[in-house]
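Working notes, beginning with the structure itself.
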Amino acid sequence: MADIPPGGFVAPKGIPEYVGPDFVAVRDTLVREADRAGYAHLELPVFEDTALYARGVGESTDVVSKEMYSFADRGGRSVTLRPEGTAGVVRSVIEHGMDRGTLPVKLRYAGPFFRYERPQAGRYRQLQQVGVEAIGVDDPALDAEVLAVADAGFRALGLTGYRLELTSLGDAETRPEYRATLQRFLEKCDLDEATRERARINPLRVLDDKRPEVRDQLADAPLMVDHLSDAAAAHHAKVKQYLDELGVAYTENPRMVRGLDYYTKTTFEFVHDGLGSQSGIGGGGRYDGLMAELGGQALSGVGFGIGVDRTLLACRAEGLDVAPARRVEVFGVPLGEAAKDHLVGLVGQLRRAGIRADLAYGGRGLKGAMKAADRSGARYALVLGDRDLEAGTIQLKDLGDGSQTEVALADAAAAVDRAVHG
RNA sequence: GUGGGUGUAGCUCAGUUGGCAGAGCACUGGGUUGUGAUCCCAGGUGUCGCGGGUUCAAGUCCCGUCACUCACCCCA
């Protein structure tokens, strides 16, 4: 039999665990805004054919070339734990013919994704995302809707210290030409070997280099937004107009880069300054070629992925309470076995009536049970002892102001209901 | 993949020139078998990350190793 490792079992490297209610509160708040805009839930597989990501995300990306959890299953097939959501959504849309119905197809997903990276603040090997995709209609109003859904999610959580950075990466007709122009510019710059290699593989990525000596050289580098086709420029202008109408604030960042190859036209990132090095709490954009690349119709799509882990960190950085402190509304405090027997039933009755309730288990003393009631966050305690049982009553105590009222045991559930909802 | 920092109680940490392993918080019980959040008293846990070395003696010094963490890179 396998041994227990020294120091005990621990979760795999770089994987956060969330014990309190905060994580679920953040995730569900983000999902709720997608639901409100009509995005339907899609439950995706956690692993897919490795080729799906190689084709969809792009062989030259870091995500595919060095961060994937890939392995051979028992049948010898190469599979990969999903590093992102869009490729899987598009595959599902094509496989199930969803693009044959009413367009756009609007879907949302939530769950864990996996990237083999060195962990640090806000960067995990198992990361949690909420995402949406709107596929099949190339309408700038949809780009704006997607952005508004993400923005509404952040606002619903109470976040204020973030900004939306926006740009356009152009379309398939003009991007290759711009790319060549940028590469010619970069060849004339004084760059180290690693950066030259980057300029060869993905020249756009050099544009957002953080080093001052590189930035200085790139001050008048050619930018994509100045080389857009008429159609792409018109699309970009329309997106900004709709954002204004939706009341979504943004700043233009023409040097923004995405690490996934499929983005075209609208590209964006939500940035929060309270997180340290990993400041992106969400990102996404439009992808014109992905459907066709994965064997479907030549349809465009647009979507985002929000990092739930980082959004939670952002909430904490802003000191926000994202989850209610109240675990339950009512807490039962039994004095003795007979009282406990009654309270077990009463608590069950309260729960069936939709009231969150708990009680002190394990035969704790009165003081300990009251303490547990306090810690539970309950507004009310139900105190029951032999004296009450004989009299057919129960004590309903308001833990906020300390007042206590005696009610008939038979009316206890109704009295609690009035107290909680009144 | 590259570089820095840190590993002592459940948590946050202190521990002097090497000399008995500590505090606060939290938890449990009691003061008060009929009242919590305040107060008082009591209680307990440690392979000092792990392995080796130096020494009469190592939490402390040396070597190795692992883990965590921050940053580069990359991205959510």
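With respect to chain A, whose longest principal axis is taken over its alpha-carbon atoms, helix A:140-156 is tilted by about 40°.
Once a ≥ b ≥ c are taken as the square roots of the eigenvalues of the Cα gyration tensor of the stretch A:330-421, is the result rounded (a/c under 1.5), prolate (a/b larger than b/c) or oblate (a/b not larger than b/c)?
Details: a/c = 1.25, a/b = 1.06, b/c = 1.18.
Cα axes put the stretch A:330-421 in the rounded bin.
Would you mind putting A:395-401, A:167-173 in packing order, based on average other-beta-carbon counts within 10 Å, highest first? Walk me through the intermediate numbers first.
Values: A:395-401: 14.7, A:167-173: 20.3.
Final packing ranking: A:167-173, A:395-401.
Rounded to the nearest 10 degrees, what's the angle between the helix A:230-246 long axis and the longest principal axis of chain A, both from Cα atoms, 0 to 90? With both axes taken from Cα atoms, the answer is about 20 degrees.
Spin-label model, A:Thr181 to A:Lys238: label points 7 Å out along the Cα-to-beta-carbon direction sit 2.3 nm apart. Working from the Cα coordinates of the stretch A:76-127, the gyration tensor eigenvalues give, after taking √(5λ), semi-axes of 28, 15, 6 Å in decreasing order.
Determine the gain in length on full extension of the stretch A:Asp273-A:Ala11; use 0.36 nm per residue of separation and subtract their C-alpha separation, reporting nm with one decimal. List each step's numbers first, then the result.
Numbers: separation 262, 0.36 × 262 = 94.32 nm, distance 2.89 nm.
Gain in length upon complete extension: 91.4 nm.
In this structure, the pairs whose alpha-carbon distance is over 20 Å, taken from A:Lys210/A:Lys240; A:Lys13/A:Lys66; A:Lys238/A:Lys265, are A:Lys210/A:Lys240.
Of all aspartates and glutamates in the structure, those lying under 15 Å Cα to Cα from A:Lys106, and not within fewer than 8 positions of it along the same chain, are A:Glu33, A:Asp35, A:Glu43, A:Glu133, A:Asp138, A:Asp139, A:Asp143, A:Glu145. Rolling a 1.4 Å sphere over the protein heavy atoms, what is the accessible area per residue of the stretch A:309-407, to the nearest Å²? On a per-residue basis, the stretch A:309-407 sits at 53 Å².
If you roll a 1.4 angstrom probe over the protein chains with everything in place, what fraction of the accessible area of chain A belongs to carbon and sulfur, to the nearest %? That share works out to 50 percent.
Using only helices, what value at 222 nm comes out for chain A when you add -39,500 (n - 2.57) per DSSP H run of length 4 or more and divide by the total residues, to the nearest 500 deg cm²/dmol?
Numbers: 15 runs with 155 residues, N = 422.
After summing the helix terms and dividing by the residues of chain A, the value is -11000 deg cm²/dmol.
The values are calculated or read from the model by the stated rules, or taken from the named source; none is laboratory data. Since this is a predicted model, take the numbers as computed values, not measurements. FYI the Cβ positions are ideal-geometry reconstructions off the backbone, even for glycines, and counts take in every protein chain you see. SASA here: full protein model, heavy atoms, side chains in, ligands and nucleic acids out. Shrake-Rupley method; radii C 1.70, N 1.55, O 1.52, S 1.80 Å.
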